[in-house]
Amino acid sequence: ATAKNVAVLGATGSIGQSALEVIAASSGRLRAFSVSGHTRLDLLSQAARDHGSRTVIATNRELADAHRWSGLPGGIRRLTGPEGLEAAVADPAVDVVLAAIVGAAGLQSTLAALEAGKVVALANKETLVMAGPIIQDVLQQKGGSLIPVDSEHSAVFQAMQGAKAKEVRRVVLTASGGPFRTWPVSQLSQITVSEALIHPTWQMGPKITVDSATMMNKALEIIEARWLFNLSAEQIEVVIHPQSIVHSFVEFVDGSVLAQMSPPDMKLPIQYALEYPDRLPGPAERIDWSERMTLEFEPPDPERFPAIALGHQCARTGGTSGAVLNAANEAAVQAFLDGDLHFTEIVPACRSVLESHNFEPRPSLSRLIELDAWARQEMNTWMLA
Ligand code: NDP
Ligand code: MG
């Protein structure tokens, strides 16, 4: 069989680098046909070299122009900017697009891949949070497909294989609870950037690590699940599971509950999405059944984790709310990382921006992009007030 050609968008990031490990371990079944990076261009060149990629996309034009592109494979196609991404994903030679750019910056290229009717392995949850209904329409019209990479959604997707939609009562997304699960609530306002960047079970990029600490990550995942699986907000629950071994549950109408389990290692959901529908041996870590293991589950405390209610609210209202919440959160996380916002201000600031926006039930893509910019501005205004 010939290799599946993968376009790895965000190849220099945490998911991107894990994906390259999965590809390297696939015995030639998968190939990193194209790789993209934004600022880490040496790492990008190295990826292209190691994997014999045919296309390399440097999305930050200024850095790309200033970079000395030495040692790239001969005959490689070099593209720049967001347009470069759009050209790369539409390449007829590409079989699967791994969408692993962080934040709203990943929306357009994911959409372009689906417009081209591609299979998209989706790590960039922000795409569905911002534009769930638009993505659903494009999927219907262009015949592409979306396979989740986010571990919870991969778990749900795996547990749902072969099930009919009407057989599913609800899904239960697990959450580690992050580093501050057991801290006294009164101390949360003192949290520093370095404390928030240490996650107890997962190794991830900085934005999603902060999102996990505030549980905004789970809020985004509730909205992601709403659009990915076409569920109502009421069908999506969250349970705290500190060990991060069960990645989520699906509860069926007869009361049976299926879980997907594996150590916290993104290589498994990445591989499952790239190889779908096949299961093959791979480099992901395995559960060690020779050791005693305890799994705990507890309901989240709404006072400690106010983000979850916000996620349910946006999953219920849909329309413009996901895009506003997402942009407000991206701006708030950046402000926290820059030392301009307290940890405990992130969620209230996002709620405030969400409440002050002019809700529309059926926004166009251009409207969502405008609102994304508006919400970032509004977050600045909130911080000055
Ligand atoms: P990282 O910060 O580690 O990587 C982000 C990637 O996006 C890098 O390749 C970066 O390039 C690129 N990038 C950043 N800004 C832009 C931009 N404006 N235009 C184009 N490319 C850009 O993030 P993660 O890998 O942790 O996360 C990626 C996505 O996957 C996120 O949406 C996250 O929510 C999701 N996800 C991640 C998980 C994880 O375990 N890490 C788990 C589940 C979901 P460069 O580094 O060269 O600047
Ligand atoms: Mg997740």
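The values are calculated or read from the model by the stated rules, or taken from the named source; none is laboratory data. If you're wondering where the values come from, they're calculated on a predicted model, not measured in any experiment. With ideal geometry, Cβ positions are generated from the backbone for all residues, glycine too; neighbour counts draw on all protein chains shown. Accessible surface is based on the protein model in full, side chains and every heavy atom, while ligands, DNA and RNA are left aside. Shrake-Rupley method; radii C 1.70, N 1.55, O 1.52, S 1.80 Å.
Couple of notes before you dig in:
- Those residues of region 113-137 which are among the hydrophobic types (A, V, I, L, M, F, W, C), away from ligand 1 (no atom under 13 Å from the Cβ) and either open to solvent by 10 Å² or more (accessible area, probe 1.4 Å) or touching a Phe, Trp or Tyr at 6+ places or on another chain (Cβ under 9 Å) (or both), in sequence order: Ala116, Val119, Ala131, Ile134, Ile135
- Close pairs from region 204-216: first open to solvent by 10 Å² or more (accessible area, probe 1.4 Å), partner β-branched (Val, Ile, Thr) and within 12 Å of ligand 2 (Cβ to nearest atom), Cβ under 9 Å, at least 6 apart: Met204/Ile15; Gly205/Ile15
- Scanning region 292-335 for residues that are over 30 Å from Leu20 (Cα atoms) and acidic (Asp, Glu), we see that the one that is surrounded by the fewest Cβ atoms within 10 Å (Cβ to Cβ) is Glu303.
- In region 257-309, the residue that is nearest to Arg29 (Cα to Cα) out of those that are more than 22 Å from the chain's Cα centre (by Cα), in a loop (DSSP other than H, G, I, E, B) and of a type in the set (A, V, I, L, M) is Leu280.
Yes/no per residue for (1) more than 16 Å from ligand 1 (Cβ to nearest atom); (2) within 14 Å of Ala175 (Cα to Cα); (3) modelled with pLDDT of 95 or more; (4) touching a helix residue (DSSP H, G or I) at 6+ places or on another chain (Cβ under 9 Å):
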site	(1), (2), (3), (4)
Ala273	no, no, yes, yes
Pro277	yes, no, yes, no
Pro283	no, no, yes, yes
Arg286	yes, no, yes, no
Arg292	yes, no, yes, no
Glu298	yes, yes, yes, no
Asp301	yes, yes, no, yes
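- Taken as a whole, the structure leaves Thr2 outside the set of residues that are open to solvent by less than 30 Å² (accessible area, probe 1.4 Å) and either near ligand 1 (Cβ under 10 Å from one of its atoms) or at pLDDT below 95 (or both).
- Pairs where the first residue, in region 220-237, is surrounded by fewer than 22 Cβ atoms within 10 Å (Cβ to Cβ) and the second is β-branched (Val, Ile, Thr), C-beta under 6 Å, 6+ apart: Glu237/Val172
- Qualifying positions in region 159-188 - open to solvent by less than 40 Å² (accessible area, probe 1.4 Å) and out of contact with any strand residue (DSSP E or B) (no Cβ under 9 Å at 6 or more places or on another chain): Gly178, Pro179, Phe180, Leu188
- Among the residues examined, Ser176 does not qualify as within 18 Å of Ile15 (Cα to Cα), within 16 Å of ligand 1 (Cβ to nearest atom) and hydroxyl-bearing (Ser, Thr, Tyr).
- Residue selected from region 189-201 under the condition in contact (Cβ under 8 Å) with a residue 40 or more places away in the chain and open to solvent by less than 30 Å² (accessible area, probe 1.4 Å), by the criterion nearest to ligand 1 (Cβ to nearest atom): Ala196
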